[in-house]
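Report on the structure given below.
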Amino acid sequence: MDDNALRQLIRSRIDNVPESRTDCPPPEALESVAFSPRGDAAQRAILEHVATCAPCRGEFDLLRTAQAAAPGARRSPLPRWIPALAAASLIVVVSLVAFRDTDSVVRGGDNAGSGVELLPPTRATDGVTLRWSAVAQAVSYRVEVTDGDGNLAFSAETADTVVITPSLQGEGLRWAVEARLLDGLVRTSKLDTLPTSR
Amino acid sequence: MVMSIGRRAGLADGDLDELIQGVRLRLWRTQGDDARAETVSASYVHQAARSAAIDIVRARRTVLASASESIHDTIIADTTSQPDVQLEERETADRIMAEVETLAPDRRVAVKLHLAGYQREEIASLLGWSDVRTRNLVHRGMIDLRTRLAALGLAPSGGS
């Protein structure tokens, strides 16, 4: 019985176990491991579960497929087919909405578990594209832009990590992001300067 | 072709379609007309893919919870088709998995991921290990496992 035979035997067993899923990690935990692997004890426990739970394995591979679509991502550790698959998916999506990928892409670091890391804003057609790194277990983000006097110039609530502001005028604009987590906690970014739209 | 690739990786049929559809909906919802679509960056598509994927997982959990009873019945029915063979294989697999659980923690997680079919570089990335460390832990973990299985009379051969 070689490694492949062992794999098949275990895979067959795992696939045929009725799964109540009561012990499965929440989707956000799988997402955290897929998008921000840290290798800490908590994530290792999740990975051990994924390795022996067919439904979680499927979900994890789906999340990893989405992760592999990351532009400018480091060399993917996924099997060779996954980046190709992700790229193919991306091309389909891109062709459907006919967008031009003209933005320079800046990838944030792994800041899961810490504050929100703001990425450099880029000019959009009318306003500014604001991006930040995802925070593990965040359910929503609140973005606020304030003017030099501290007045609110723009705010938005989103589940994504990108917003495009309308045209913003004035000097001394600053922006920050607040991540609201699954457990009710809130993590905030630093307050960063924002270039005006025009 | 894409679907066959997805199946090989264990992704359920339709997962990729669902993912693409989710991304499309998000882009349309947030970008609106074509002019705004010009502002879509690749990183935004990535974020849309991420949120679409997590939404699919959440939705699947909900569906599975409500369908768990019928799934359980189906599996129980299937196991009666070749009871002897399936019972033997199941018992063997259970013994192997029980032995895996007795490995040292680092070797255990490495072996589990290895037997789950993840490549060495994937394991290294997921666990934040160097390639050398990963190779070492998988190799030594598999040696430990084979030794233990041999003691149980399962005597696996072959390398990692």
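All of the numbers you see were taken from the coordinates with simple rules; none came from a lab. Because the structure is a prediction, the values reported are computed rather than measured. Neighbour counts are summed over all protein chains in view; Cβ atoms, including those assigned to glycine, are modelled from backbone coordinates with ideal geometry.
Tabulated data for the structure shown
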quantity	calculated
Dimensionless Rg/Rh of region B:106-149 - Kirkwood Rh, Rg from C-alpha atoms	0.95
Phi to ³J(HN,Hα) by Karplus 6.51 cos²θ - 1.76 cosθ + 1.60 over region A:169-179, Hz, x for Gly, Pro	10, x, 9, x, 5, 9, 9, 8, 10, 10, 9
Derived scalar couplings ³J(HN,Hα) [region B:115-125; Karplus, 6.51 cos²θ - 1.76 cosθ + 1.60; whole Hz; x for Gly, Pro]	6, 6, x, 6, 6, 4, 5, 5, 4, 4, 5
Inter-probe distance in nm under a simple model that places probes 7 Å from Cα toward Cβ, at A:Leu182 and B:Leu25	2.1 nm
For region A:38-45, Karplus couplings with θ = phi - 60° (6.51, -1.76, 1.60), whole Hz, Gly/Pro x	10, x, 6, 4, 5, 5, 5, 5
